[in-house]
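S.K.: One structure follows; several queries about it will come next.
The values are calculated or read from the model by the stated rules, or taken from the named source; none is laboratory data. Nothing here was measured: the structure is a model prediction, and the numbers come from that model. Note that we place each Cβ from the backbone using ideal geometry, even for glycine, and neighbour counts take in every protein chain shown. SASA here: full protein model, heavy atoms, side chains in, ligands and nucleic acids out. Shrake-Rupley method; radii C 1.70, N 1.55, O 1.52, S 1.80 Å.
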Amino acid sequence: KAPIQLSHNRKKCHILQEGEFFLHELGLTSKSGAVLAHAQHKFRQINRFLEMVKDIEYLPTRIADLGCGKAYLTFALYHYYKHIIGHNVEVIGVDLKDDVLTQCNTIAEKLGYNGLSFQKGTIQNFMPEKAPDMVVALHACNTASDPAIDQAIAWKAKAIFIAPCCQHELYQKMKREEFPERIKYPLLQERYAALETDARRGEKLEKAGYKVQMLEFIDPEHTHKNLLIRAISQLARQ
């Protein structure tokens, strides 16, 4: 009798494993290290992002996460470089919410993450002592992705990760004749404007000397805003 094949039941090998203590501090796992039911999607998102970071084979020294929010991915980035692959890196998360920043700094201190810190600021006014060589801005609302791209280019960042969100600005400014004739329905016009917005962002990065890829970031069943722009400079590819 042929043996039963159980390969489809094998546990998926993630870069980040469930038992990492920082995940519990962020409220994503139980005390035993198991990912909580409501956090399964976030856990997959974190691992998907780390896969895209690992894929570039570039080791940054300074990372700026602009509009870091609750900083799940900020912590994961630091943990990946420092504790998984053993690479020294400084990571700064930037946001406007005082309570979130205080909580994140407290957790970083508790974990002994000496190279990870959080500070208050907007994307436009953040002035680091040294320019970061990797810039991250994930799900920055509306046009916030654009100043993040501008800052990254100005800093000559070698790696840029941008996940745009709810970009309405171009849609509001576009005139009816700017849409293809068949795109006459408001919902399709909004989605077309979003695609056009991200296409223009890609072109800007390419003109600045980056190799640009548009990647699927989040499972489409959770949101149709699942695009991530990954831009790598020539220097990082050498």
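S.K.: Out of the residues in the range 135-187 meeting the condition of being at pLDDT below 75, surrounded by 13 or more Cβ atoms within 10 Å (Cβ to Cβ) and acidic (Asp, Glu), tell me which one is farthest from residue 64 (Cα to Cα).
M.R.: Applying the filter and picking the extreme gives 178.
S.K.: In the range 84-101, is there at least one residue being over 19 Å from the mean Cα position of the chain (by Cα), part of a helix (DSSP H, G or I), farther than 25 Å from residue 215 by Cα and hydrophobic (A, V, I, L, M, F, W, C)?
M.R.: Scanning the range 84-101 turns up no residue that is over 19 Å from the mean Cα position of the chain (by Cα), part of a helix (DSSP H, G or I), farther than 25 Å from residue 215 by Cα and hydrophobic (A, V, I, L, M, F, W, C).
S.K.: For the structure I just gave you, tell me whether residue 36 is under 13 Å from the mean Cα position of the chain (by Cα), of a type outside the set (Asp, Glu) and either at pLDDT below 90 or surrounded by 13 or more Cβ atoms within 10 Å (Cβ to Cβ) (or both).
M.R.: On the way: under 13 Å from the mean Cα position of the chain (by Cα): no; of a type outside the set (Asp, Glu): yes; either at pLDDT below 90 or surrounded by 13 or more Cβ atoms within 10 Å (Cβ to Cβ) (or both): yes.
Answer is no for this residue.
Rundown of residues vs (1) closer than 19 Å to residue 94 by Cα; (2) in a loop (DSSP other than H, G, I, E, B); (3) at pLDDT 90 or above, yes/no style:
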site: 16; (1), (2), (3): no, yes, yes
site: 42; (1), (2), (3): no, no, yes
site: 53; (1), (2), (3): no, no, yes
site: 65; (1), (2), (3): yes, no, yes
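S.K.: So, one more: Could you grab me the full set of residues in the range 57-81 that are surrounded by fewer than 19 Cβ atoms within 10 Å (Cβ to Cβ) and more than 23 Å from residue 145 (Cβ to Cβ)? Write out each step before concluding.
M.R.: The first filter runs over the range 57-81 and keeps only residues surrounded by fewer than 19 Cβ atoms within 10 Å (Cβ to Cβ), leaving 57-59, 61, 69-70.
Answer for the range 57-81, where residues must be surrounded by fewer than 19 Cβ atoms within 10 Å (Cβ to Cβ) and more than 23 Å from residue 145 (Cβ to Cβ): 57, 59, 61.
S.K.: Give the residues of the range 101-114 that are open to solvent by 20 Å² or more (accessible area, probe 1.4 Å) and either in contact (Cβ under 8 Å) with a residue 12 or more places away in the chain or closer than 17 Å to residue 138 by Cα (or both), sorted by residue number.
M.R.: Applying the first criterion (open to solvent by 20 Å² or more (accessible area, probe 1.4 Å)) to the range 101-114 yields 102-103, 105-106, 109-112, 114.
Across the range 101-114, the qualifying residues are 105, 110, 111.
S.K.: Also, I was wondering about something else. Looking only at the range 67-77, count how many residues are of a type in the set (A, V, I, L, M, F, W, C) and in a helix (DSSP H, G or I).
M.R.: Looking only at the range 67-77, we keep the residues that are of a type in the set (A, V, I, L, M, F, W, C), and these are 68, 71, 73, 75-77.
Retained after the next criterion (residues that are in a helix (DSSP H, G or I)): 73, 75-77.
Adding up the residues that qualify gives 4.
S.K.: Here is a follow-up. Within the set of pairs 6 or more residues apart or between chains, which connect a residue that is more than 19 Å from residue 29 (Cα to Cα) inside the range 70-87 to a residue that is hydrophobic (A, V, I, L, M, F, W, C) with Cβ atoms less than 6 Å apart?
M.R.: 81/89; 87/59
S.K.: If a residue must be assigned to a helix (DSSP H, G or I) and either polar (S, T, N, Q) or under 24 Å from residue 202 (Cα atoms) (or both), how many such residues does the range 102-157 contain?
M.R.: Our first condition is that a residue be assigned to a helix (DSSP H, G or I); within the range 102-157, this holds for 102-111, 142-154.
Restricting the remaining residues to those that are either polar (S, T, N, Q) or under 24 Å from residue 202 (Cα atoms) (or both) gives 102-103, 105-106, 142-154.
Summing the residues that are assigned to a helix (DSSP H, G or I) and either polar (S, T, N, Q) or under 24 Å from residue 202 (Cα atoms) (or both) in the range 102-157 gives 17.
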